[in-house]
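Engineer: Below: one structure in C-alpha coordinates.
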Amino acid sequence: MPNSAVPPLVPTADDAPVTLDRRTGPYGEVVLRQRGAHYEIIANGCFLMDTSDGRSERLLVRAAFAELGGRDRPGLLIGGLGVGFSLAEAAAEPGWGRITVVEREPAVLDWHRGGPLSALSGAALADPRTALVEADLVAHLRQAAQDGPRYDALCLDIDNGPDWTVTDDNSSLYSPAGLAACRAALTPGGILAVWSARPSPAFEKSLTKAGFCRVRTDEIPVARGVPDVVHFAARPA
(Lines give C-alpha, C1' and ligand atoms only; values in the text may rest on other atoms or scores of the structure.)
Protein backbone atom coordinates (compact mmCIF):
# COMPACT_ATOMS: atom_id res chain seq x y z
CA MET A 1 0.00 0.00 0.00
CA PRO A 2 1.47 3.40 -0.86
CA ASN A 3 2.31 5.52 2.13
CA SER A 4 -0.20 8.21 1.19
CA ALA A 5 -2.97 5.60 1.29
CA VAL A 6 -2.41 4.71 4.95
CA PRO A 7 -5.41 6.14 6.84
CA PRO A 8 -5.02 8.45 9.84
CA LEU A 9 -5.77 7.42 13.40
CA VAL A 10 -9.49 7.19 14.17
CA PRO A 11 -11.16 6.07 17.41
CA THR A 12 -11.83 2.34 17.72
CA ALA A 13 -12.81 -0.01 20.49
CA ASP A 14 -9.79 -1.09 22.54
CA ASP A 15 -10.43 -4.74 21.75
CA ALA A 16 -10.93 -4.25 18.02
CA PRO A 17 -7.57 -3.80 16.24
CA VAL A 18 -7.73 -2.30 12.75
CA THR A 19 -5.06 -3.14 10.17
CA LEU A 20 -3.79 0.06 8.55
CA ASP A 21 -1.05 -1.43 6.39
CA ARG A 22 0.26 -4.92 5.66
CA ARG A 23 3.35 -5.63 3.58
CA THR A 24 5.53 -8.58 2.71
CA GLY A 25 9.18 -7.66 2.42
CA PRO A 26 12.57 -9.37 2.33
CA TYR A 27 12.31 -10.35 6.01
CA GLY A 28 8.69 -11.46 6.08
CA GLU A 29 5.41 -9.74 6.82
CA VAL A 30 5.09 -6.46 8.76
CA VAL A 31 1.76 -5.01 9.83
CA LEU A 32 0.77 -1.65 11.27
CA ARG A 33 -2.39 -1.85 13.37
CA GLN A 34 -4.45 0.62 15.36
CA ARG A 35 -5.90 -0.48 18.68
CA GLY A 36 -7.91 2.22 20.41
CA ALA A 37 -5.74 5.32 20.71
CA HIS A 38 -2.50 3.48 19.93
CA TYR A 39 -0.55 1.95 17.07
CA GLU A 40 1.21 -1.41 17.14
CA ILE A 41 3.69 -3.15 14.88
CA ILE A 42 3.41 -6.89 14.17
CA ALA A 43 6.19 -8.81 12.44
CA ASN A 44 5.61 -12.29 11.06
CA GLY A 45 2.54 -12.61 13.27
CA CYS A 46 4.39 -11.66 16.46
CA PHE A 47 3.72 -8.46 18.43
CA LEU A 48 6.82 -6.24 18.50
CA MET A 49 5.85 -2.91 20.07
CA ASP A 50 3.15 -0.29 20.40
CA THR A 51 2.74 3.35 21.33
CA SER A 52 1.11 2.77 24.72
CA ASP A 53 4.17 3.35 26.91
CA GLY A 54 7.72 3.80 25.62
CA ARG A 55 9.50 4.16 28.98
CA SER A 56 12.06 1.45 28.29
CA GLU A 57 12.76 2.65 24.73
CA ARG A 58 13.38 6.16 26.05
CA LEU A 59 15.55 4.90 28.89
CA LEU A 60 17.64 3.05 26.33
CA VAL A 61 18.83 6.40 24.95
CA ARG A 62 18.72 8.52 28.09
CA ALA A 63 20.85 6.13 30.14
CA ALA A 64 23.36 5.65 27.32
CA PHE A 65 23.88 9.43 27.21
CA ALA A 66 24.43 9.52 30.98
CA GLU A 67 26.93 6.64 30.76
CA LEU A 68 29.09 8.70 28.40
CA GLY A 69 29.89 11.05 31.28
CA GLY A 70 29.54 14.39 29.56
CA ARG A 71 31.35 13.53 26.33
CA ASP A 72 31.07 16.48 23.92
CA ARG A 73 28.48 16.04 21.15
CA PRO A 74 28.67 12.22 21.04
CA GLY A 75 27.53 10.38 17.93
CA LEU A 76 24.59 8.02 18.39
CA LEU A 77 23.36 5.08 16.35
CA ILE A 78 19.82 3.83 16.99
CA GLY A 79 19.29 0.34 15.64
CA GLY A 80 15.63 -0.13 14.78
CA LEU A 81 13.21 2.77 14.31
CA GLY A 82 10.18 0.98 15.75
CA VAL A 83 7.43 3.40 16.76
CA GLY A 84 9.97 6.20 17.21
CA PHE A 85 10.28 6.55 21.00
CA SER A 86 14.08 6.18 21.06
CA LEU A 87 14.55 8.65 18.24
CA ALA A 88 12.23 11.18 19.90
CA GLU A 89 14.19 10.86 23.15
CA ALA A 90 17.49 11.38 21.36
CA ALA A 91 16.29 14.44 19.45
CA ALA A 92 14.99 15.97 22.69
CA GLU A 93 18.52 15.90 24.14
CA PRO A 94 20.59 18.80 22.72
CA GLY A 95 23.80 17.19 23.92
CA TRP A 96 23.81 14.49 21.25
CA GLY A 97 25.73 15.16 18.06
CA ARG A 98 24.75 13.21 14.95
CA ILE A 99 21.84 10.79 15.36
CA THR A 100 21.80 7.93 12.86
CA VAL A 101 18.82 5.56 12.74
CA VAL A 102 19.33 2.25 10.93
CA GLU A 103 16.12 0.48 9.90
CA ARG A 104 15.90 -2.34 7.37
CA GLU A 105 12.11 -2.42 6.83
CA PRO A 106 10.97 0.03 4.11
CA ALA A 107 7.41 -0.09 5.47
CA VAL A 108 8.49 1.17 8.90
CA LEU A 109 10.40 4.04 7.29
CA ASP A 110 7.32 4.93 5.24
CA TRP A 111 5.05 4.92 8.29
CA HIS A 112 7.33 7.54 9.87
CA ARG A 113 8.20 9.66 6.87
CA GLY A 114 4.62 10.53 6.02
CA GLY A 115 2.31 7.89 7.45
CA PRO A 116 0.53 7.54 10.79
CA LEU A 117 3.71 7.35 12.89
CA SER A 118 4.94 10.72 11.61
CA ALA A 119 2.91 12.36 14.38
CA LEU A 120 5.34 10.76 16.84
CA SER A 121 8.61 11.23 14.99
CA GLY A 122 8.07 14.19 12.64
CA ALA A 123 9.90 16.73 14.81
CA ALA A 124 12.81 14.35 15.40
CA LEU A 125 13.12 13.56 11.69
CA ALA A 126 13.23 17.29 10.95
CA ASP A 127 16.16 17.72 13.34
CA PRO A 128 19.29 18.40 11.24
CA ARG A 129 21.27 15.94 13.38
CA THR A 130 19.01 13.04 12.34
CA ALA A 131 19.70 10.72 9.41
CA LEU A 132 17.68 7.64 8.45
CA VAL A 133 19.57 4.75 6.87
CA GLU A 134 17.80 1.80 5.25
CA ALA A 135 20.21 -1.05 5.84
CA ASP A 136 20.88 -4.28 7.70
CA LEU A 137 22.23 -3.26 11.09
CA VAL A 138 25.15 -5.69 11.32
CA ALA A 139 26.30 -4.79 7.79
CA HIS A 140 26.14 -1.09 8.69
CA LEU A 141 28.15 -1.66 11.88
CA ARG A 142 30.85 -3.52 9.99
CA GLN A 143 31.10 -0.71 7.47
CA ALA A 144 31.34 1.87 10.26
CA ALA A 145 34.11 -0.13 11.92
CA GLN A 146 36.04 -0.32 8.66
CA ASP A 147 35.40 3.07 7.08
CA GLY A 148 34.07 5.21 9.95
CA PRO A 149 32.93 7.35 11.44
CA ARG A 150 32.49 5.29 14.58
CA TYR A 151 29.82 5.93 17.18
CA ASP A 152 30.01 6.90 20.83
CA ALA A 153 26.81 5.01 21.62
CA LEU A 154 24.84 2.20 20.03
CA CYS A 155 21.23 1.93 21.21
CA LEU A 156 19.75 -1.22 19.72
CA ASP A 157 16.09 -2.23 19.78
CA ILE A 158 15.99 -5.12 17.34
CA ASP A 159 13.28 -7.73 17.53
CA ASN A 160 12.27 -8.77 21.07
CA GLY A 161 15.79 -9.19 22.40
CA PRO A 162 18.68 -11.65 22.32
CA ASP A 163 16.67 -14.67 23.48
CA TRP A 164 13.49 -14.10 21.46
CA THR A 165 13.92 -13.16 17.83
CA VAL A 166 10.98 -12.96 15.44
CA THR A 167 13.15 -13.42 12.33
CA ASP A 168 16.02 -15.90 12.46
CA ASP A 169 18.58 -13.64 10.81
CA ASN A 170 18.22 -11.09 13.62
CA SER A 171 20.03 -13.53 15.87
CA SER A 172 23.27 -12.64 14.06
CA LEU A 173 23.36 -9.35 15.96
CA TYR A 174 23.66 -11.18 19.27
CA SER A 175 26.21 -13.73 18.02
CA PRO A 176 29.94 -13.40 18.78
CA ALA A 177 30.47 -11.96 15.29
CA GLY A 178 27.62 -9.47 15.73
CA LEU A 179 28.88 -8.31 19.11
CA ALA A 180 32.38 -7.99 17.68
CA ALA A 181 30.93 -5.70 15.00
CA CYS A 182 29.23 -3.62 17.72
CA ARG A 183 32.46 -3.31 19.67
CA ALA A 184 34.47 -2.36 16.59
CA ALA A 185 31.93 0.31 15.57
CA LEU A 186 32.27 2.06 18.95
CA THR A 187 34.81 4.66 19.91
CA PRO A 188 37.02 3.78 22.92
CA GLY A 189 34.85 4.05 26.03
CA GLY A 190 31.70 3.99 23.89
CA ILE A 191 28.46 2.51 25.19
CA LEU A 192 26.35 -0.36 23.87
CA ALA A 193 22.73 -0.43 25.10
CA VAL A 194 20.46 -3.30 24.01
CA TRP A 195 16.69 -3.42 24.69
CA SER A 196 15.11 -6.76 25.53
CA ALA A 197 11.63 -7.97 26.43
CA ARG A 198 13.11 -10.04 29.25
CA PRO A 199 16.39 -10.46 31.15
CA SER A 200 19.13 -12.62 29.66
CA PRO A 201 21.98 -13.74 31.93
CA ALA A 202 23.43 -15.63 28.97
CA PHE A 203 23.62 -12.41 26.96
CA GLU A 204 25.48 -10.69 29.82
CA LYS A 205 28.08 -13.46 29.62
CA SER A 206 28.26 -13.06 25.84
CA LEU A 207 28.96 -9.34 26.22
CA THR A 208 31.83 -10.03 28.60
CA LYS A 209 33.28 -12.70 26.31
CA ALA A 210 33.07 -10.23 23.41
CA GLY A 211 35.43 -7.87 25.21
CA PHE A 212 32.99 -5.42 26.76
CA CYS A 213 33.33 -4.10 30.30
CA ARG A 214 30.94 -2.47 32.80
CA VAL A 215 28.24 -4.97 31.82
CA ARG A 216 24.94 -4.54 33.65
CA THR A 217 21.18 -4.99 33.17
CA ASP A 218 18.52 -2.43 34.19
CA GLU A 219 14.91 -3.53 34.61
CA ILE A 220 12.00 -1.25 33.63
CA PRO A 221 8.55 -2.16 35.04
CA VAL A 222 5.73 -2.49 32.52
CA ALA A 223 1.95 -2.57 32.94
CA ARG A 224 1.69 -6.33 32.41
CA GLY A 225 4.11 -9.23 32.51
CA VAL A 226 7.82 -9.36 33.29
CA PRO A 227 9.83 -6.11 33.17
CA ASP A 228 11.51 -4.91 30.01
CA VAL A 229 15.27 -4.66 30.39
CA VAL A 230 18.17 -2.74 28.89
CA HIS A 231 21.57 -4.41 28.77
CA PHE A 232 24.48 -1.98 29.04
CA ALA A 233 28.15 -2.55 28.22
CA ALA A 234 31.15 -0.39 27.35
CA ARG A 235 34.05 -0.74 24.97
CA PRO A 236 37.21 -0.46 27.05
CA ALA A 237 38.80 3.00 26.77
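Engineer: What order do Glu204, Glu105 take when sorted by accessible area (1.4 Å probe), most exposed first?
Structural biologist: Details: Glu204 60, Glu105 20 Å².
Greatest to least solvent exposure: Glu204, Glu105.
Engineer: Say R0 is 41 Å: what FRET efficiency, to the nearest 0.05, do Glu29 and Ala66 get from their beta-carbon distance? Write down the numbers at each step before the final one.
Structural biologist: Numbers: r = 37 Å, r/R0 = 0.91.
Efficiency, from the Cβ-Cβ distance: 0.65.
Engineer: Which percent of the accessible area of the chain is formed by carbon and sulfur heavy atoms (probe 1.4 angstrom)?
Structural biologist: Working: 5530 of 10300 Å².
The computed percentage sits at 54.
Engineer: A further question on this structure: Going by amide H atoms built from the backbone, whose H comes under 5 Å of the H on Tyr39, apart from near neighbours?
Structural biologist: Distant-sequence amide H within range of Tyr39: Thr51.
Engineer: Can you give the helix-only mean residue ellipticity at 222 nm for the chain, where every DSSP H stretch with n ≥ 4 adds -39500 (n - 2.57) and the sum goes over all residues, rounded to the nearest 500 deg cm²/dmol? If you can, show how the numbers build up before the last one.
Structural biologist: Details: 7 runs with 67 residues, N = 237.
Here the helix-only value at 222 nm equals -8000 deg cm²/dmol.
Engineer: For region 33-141, what class follows from the C-alpha gyration tensor (a ≥ b ≥ c being the square roots of its eigenvalues): rounded when a/c is under 1.5, otherwise prolate if a/b is larger than b/c, else oblate?
Structural biologist: Details: a/c = 1.72, a/b = 1.51, b/c = 1.14.
Judged from the Cα gyration tensor, region 33-141 comes out prolate (a/c at least 1.5, a/b above b/c).
Engineer: Still on this structure, I have one more. Rounded to the nearest 0.05, what FRET efficiency is calculated for Arg22 and Val226 with R0 set to 30 Å and r the Cβ-Cβ distance?
Structural biologist: Working: r = 29 Å, r/R0 = 0.97.
Working from the Cβ atoms, E equals 0.55.
Engineer: Something else now. Subtract the Cα-Cα distance of Asp163 and Glu134 from 0.36 nm times their separation in residues, and report this length gain in nm to one decimal.
Structural biologist: Working: separation 29, 0.36 × 29 = 10.44 nm, distance 2.46 nm.
Extending this stretch completely gives an extra 8.0 nm.
Engineer: Also, I was wondering about something else. Once a ≥ b ≥ c are taken as the square roots of the eigenvalues of the Cα gyration tensor of the chain, is the result rounded (a/c under 1.5), prolate (a/b larger than b/c) or oblate (a/b not larger than b/c)? Please list the in-between numbers first.
Structural biologist: On the way: a/c = 1.66, a/b = 1.48, b/c = 1.12.
Prolate, since a/c reaches 1.5 and a/b exceeds b/c.
Engineer: Here's a follow-up. Quick one: ranking Thr208, Thr100 by accessible area, 1.4 Å probe, largest first, what do you get? Walk me through the intermediate numbers first.
Structural biologist: On the way: Thr208 80, Thr100 15 Å².
Reading off the accessible areas and sorting them downward yields Thr208, Thr100.
Engineer: Where does helix 176-185 land angle-wise versus the long Cα axis of the chain, in degrees 0 to 90, nearest 10?
Structural biologist: 80
Engineer: Compute the length gained on full extension between Arg198 and Gln146: take 0.36 nm times their separation in residues and subtract their Cα-Cα distance, giving the result in nm to one decimal. Don't skip to the answer; put the middle values down first.
Structural biologist: Details: separation 52, 0.36 × 52 = 18.72 nm, distance 3.23 nm.
Taking 0.36 nm per residue and subtracting the Cα distance, the gain is 15.5 nm.
Engineer: Could you do me a favour and compute the accessible area per residue for region 80-191, 1.4 Å probe, result in Å²? Please report the intermediate quantities before stating the final value.
Structural biologist: Working: 4030 Å² over 112 residues.
For region 80-191, the per-residue accessible area is 36 Å².
Engineer: Continuing with this model, one more query. Ordered by residue, what ³J(HN,Hα) values in Hz, to whole numbers, does region 76-85 give under the Karplus form 6.51 cos²θ - 1.76 cosθ + 1.60, where θ = phi - 60° and Gly and Pro are x?
Structural biologist: Per residue, the Karplus-derived 3J(HN,Hα) values read 10, 10, 9, x, x, 7, x, 8, x, 4 Hz.
Engineer: Okay, moving on. Name the shape class, rounded, prolate or oblate, that the alpha-carbon gyration tensor gives for region 100-202, where a ≥ b ≥ c are the square roots of its eigenvalues, rounded holds for a/c under 1.5, and otherwise prolate holds if a/b is larger than b/c and oblate otherwise.
Structural biologist: Numbers: a/c = 1.85, a/b = 1.27, b/c = 1.46.
Oblate, because a/c is 1.5 or more while a/b does not exceed b/c.
Engineer: Follow-up question, since we're still on this one. Run the numbers for Lys209 and Arg98: contour at 0.36 nm per residue of separation, minus the present Cα-Cα distance, in nm.
Structural biologist: 37.0 nm
Engineer: Then there is this: With a 1.4 Å probe and all protein chains kept in place, how do Ser56, Ser171 rank by accessible area, largest first? Numbers along the way, then the final one.
Structural biologist: Details: Ser56 5, Ser171 55 Å².
So the residues, ranked largest to smallest area, are Ser171, Ser56.
The values are calculated or read from the model by the stated rules, or taken from the named source; none is laboratory data. Predicted model only: the values in this text are computed from it and were never measured. Please note: Cβ atoms are built from the backbone with ideal geometry, for glycine as well, and neighbour counts cover all protein chains shown. For accessibility, only protein heavy atoms count, side chains too; no ligands or nucleic acids. Shrake-Rupley method; radii C 1.70, N 1.55, O 1.52, S 1.80 Å.
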